[in-house]
1. Treat each spin label as a single point 7 Å out from the Cα along the C-beta direction, and report the M1 to F122 distance in nm.
2. Count the net charge of all other residues whose Cβ sits under 14 Å from the Cβ of I64, scoring Lys and Arg as +1 and Asp and Glu as -1.
3. Hey, quick one: spin label on L141, modelled 7 Å out along Cα-Cβ, who in region 74-111 has an amide N within reach, i.e. under 11 Å?
4. So how much slack lies between V57 and A93, counting 0.36 nm per residue of separation and subtracting their Cα-Cα distance, in nm?
5. What do you get for chymotrypsin sites (Phe, Trp or Tyr not before Pro) in region 79-141 restricted to DSSP loop and a cutoff of at most 14 other Cβ within 10 Å of the site's Cβ?
6. Give me the net charge of P139's neighbourhood, meaning all other residues with Cβ under 14 Å from the Cβ of P139; Lys, Arg count +1, Asp, Glu -1.
7. What trypsin sites (Lys or Arg not before Pro) does region 8-88 have in DSSP loop regions with at most 15 other beta carbons within 10 Å?
8. May I ask you to list the chymotrypsin sites (Phe, Trp or Tyr not before Pro) in region 1-49 that are in a DSSP loop and have at most 15 other Cβ atoms within 10 Å of their Cβ?
Amino acid sequence: MLAGLRQQFSIDDSRIYSTGFSNGAMFSYLLWAERGKVLAAVGVCAGHLAPSEHLTVPRAVVVIGGENDPLIPLAVLQQDIQLDRQINGATAAGQPCGPICKLYPSAGNTPVAAYIHPGGHFFPPWAAPAITQFFKLHPQL
């Protein structure tokens, strides 16, 4: 897909991102695991990392999930955030970045931002602007 886009458009290789909701979020995790060197950052909403995939390349990531999501239980969401923090070296305590947000900084400029809302399996209306703002702050270095 990226090769095709390069034929038609000028691509800034430092700003290639993947984001998705539910299965699209799982696909973004898959892209991070399989093509992580290409990506600058990843945004996932109501999705999780498949057990068969393993992250090896640190990348900035924003994770959005619901406390009451029947498809992605809170424990699974928290486990994914822990794995993201581990691969990114974002081991320090989280800093509040909003009412439902914690930012886990990393020395390699690959932070983990976690937004945990009280709802279920849906794409919150504030998610797209939050992901966009996060991506603007995190080009690939």
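1. 2.6
2. -3
3. Only 106-111 pass the distance filter.
4. Details: separation 36, 0.36 × 36 = 12.96 nm, distance 2.14 nm.
Between V57 and A93, full extension yields 10.8 nm more.
5. Numbers: sites: Y115, F122, W126, F134, F135; in loops: F122, W126.
Passing both the DSSP loop test and the Cβ count: F122, W126.
6. Working: positive: R15, R59, K136; negative: D12, D13.
Once all neighbours under 14 Å are counted, the net charge is +1.
7. Values: sites: R15, R35, K37, R59, R85; in loops: R15, K37, R59.
Filter output for region 8-88: R15, K37.
8. Numbers: sites: F9, Y17, F21, F27, Y29, W32; in loops: F9.
Counting only loop positions with at most 15 other Cβ atoms within 10 Å, the chymotrypsin sites (Phe, Trp or Tyr not before Pro) in region 1-49 are F9.
Since every read-out is calculated from the coordinates, none of them should be taken as a lab result. Please read these numbers as outputs of a predicted model, since none were measured by experiment. When we count neighbours, we look across all protein chains shown, and the Cβ atoms used for this are built from the backbone with ideal geometry, even at glycine.
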